[in-house]
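Undergrad: A single structure is presented below for examination.
Coordinate-derived values only; no laboratory data. Here the structure is a predicted model, which is why all the values come from computation and not from measurement. Backbone-built Cβ (ideal geometry, glycine too); neighbour counts: all protein chains shown.
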Amino acid sequence: MIKMTLQNLTRRKSRTILTVLGVVVGCCAIVTMMSIGFGVQNSQQIMLEGMGDLTLVQVYSGGRQDTKLDDTALKKFQNIANVDVAIGKTRLGNINMEAYAGNNDRYMMQWVQVVGINSDAMEKFGFELLSGTYPKEPFQVLAGQYPAYTLMDTQRPDGHNTIDRWGSMYQYDPETGEYTYNENAELPDPYLDLLGQKLKLKLYTYDDADNKKEQEITVTGIVKEDYNKDYCTSEGLIFMTSDLQSLTKMFYPTSNQKTEYNEIYVKAKDISQVADIESEIKKMGYSTYSMESVRKPLEEEARKQQMMLGGLGAVSLFVAALGICNTMIMSISERTREIGVMKALGCYLGNIRTVFLLEAGFIGLIGGIIGSVLSFFISVGMNFFTNEAAQAIQITDFATFWTKLSTAMDTANSPMSIIPLWLYAFAIVFSIIIGLGSGFYPANKAVHISAMEAIKRE
């Protein structure tokens, strides 16, 4: 039966090719249009991720007595369904800090930025260690990626007592007169490697700057810079909450022993659960902020764009369906006598119907496959010629060409068109369904032709 189907399709090659071409155009249009929608969605996702961790909910006090940000609140948030971890952050408030390192306190950090985080949540919060280990003992701390470059050599004159890392990361272009940022630039060595260093802290308040108190700390690890976690991951120090509390007690010994946090971050296990978690926290009376308020409208807008673009492609495929239907009706008209002979020889009506449905299905299948392949090359072409970074590369050999192509297709570079694998499968299956649907009426018409009248017809 399949052999007969293929023979019937190849009997009238021009008509078959034109009909298949209609399916190719329709399939290619719907895949390409939807791929642009996915590209827009991916660009929005990259933009949002650059603005902050999408799984985090930042919690503030609601101003009531029962909405304090303390350990009780921390446990409540931790017990909410689908919460991965709840992190409390504390700061020193009115206390200023200087840090000294090296022999005879030669190197000094002024206005040290610090944050306190409950020790059991540091690893879960996702601090990426470049070296070292997490703090385990009192007054062990993590240092950001670059605080070593804030060290000043007290034995050198002002203006010549620091190591400038920014000069290496920003390069001046005399032709354009602009500075360009190079994140992969090789940085100069700082005065000291802070890992394993013992730092002497000198703390004081605005009210009594002359009354300085000292505390020794040890840097056990260096964390990767991530402003989504905290500014301290860049040029600050990360303490355990209990240690910051002890430093506060040096100046305010009668202060409340109960830990109160400046803010609490609640991390969801998945981005889809953020809205529900935020709703539960708000019911408790707390104020919250998350990227959900920004992500949802953008996601809805991207979905609308996808539906619109997909609809435009579907129109093309509908036109192709009409072409298939017309082709099959013409085929039946030309093969009326053949159908009559088949009936006279005792062929089952179902077999006759199947022959015509197979022809329509094959047209949809072939058109869907060719259309999917063509849409792939169209997607590659759009990304290739719209990628600004890639356009700047002069193609001299195949390796350069492949590098440029890979850059254009990388989803991290926000390509214009993205085609997930399931979309290819969907396009082919949809084309087959369109073909079968378009061929149903002609096939049904074929089985209702009278055998005697069909045989008599010239």
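Undergrad: Expressed in nm², what is the orientationally averaged projection area of the convex hull enclosing the Cα positions of the stretch 92-238?
TA: Here the figure is 10.8 nm², rounded to one decimal.
Undergrad: So, one more: What does the charge count near Glu216 come to, summing +1 for each Lys or Arg and -1 for each Asp or Glu among other residues with Cβ under 9 Å from its Cβ? Each step should come with its number before you reach the end.
TA: Values: positive: Lys198, Lys200; negative: Glu214.
Residues close to Glu216 contribute a combined charge of +1.
Undergrad: Where both partners of a DSSP beta bridge lie in the stretch 92-238, what percent of those bridges are antiparallel, to the nearest 5? Don't skip to the answer; put the middle values down first.
TA: Details: 26 of 32 bridges.
In the stretch 92-238, approximately 80 percent of DSSP beta bridges are antiparallel ones.
Undergrad: List the pairs from Lys68/Lys224; Lys136/Lys267; Lys89/Lys249; Lys283/Lys304 whose alpha-carbon separation is above 20 Å, in the order I gave them.
TA: In this structure, Lys68/Lys224; Lys136/Lys267; Lys283/Lys304 exceed 20 Å between Cα atoms.
Undergrad: Efficiency by 1/(1 + (r/R0)^6): what FRET value for Gln197 and Gln78, r their Cβ-Cβ distance, R0 = 45 Å, to the nearest 0.05?
TA: Between Gln197 and Gln78 the formula returns 0.85.
Undergrad: Right, another one. Highest first, please rank the peptides 215-228, 237-250 by the mean number of other Cβ atoms sitting within 10 Å of their residues.
TA: Highest-to-lowest ranking by the protection proxy: 237-250, 215-228.
Undergrad: Could you name the aspartates and glutamates whose alpha carbon sits less than 15 Å from that of Lys198, not counting residues in the same chain fewer than 8 places away?
TA: Partners found: Glu98, Asp105, Glu137, Glu214, Glu216.
Undergrad: May I ask for log10 I(q)/I(0) of the stretch 33-177 at q = 0.11, 0.17, 0.18 Å⁻¹, from a Debye sum over the Cα atoms as equal point scatterers with solvent left out?
TA: Once normalised to I(0) and log-transformed, intensities are -0.75, -1.19, -1.23.
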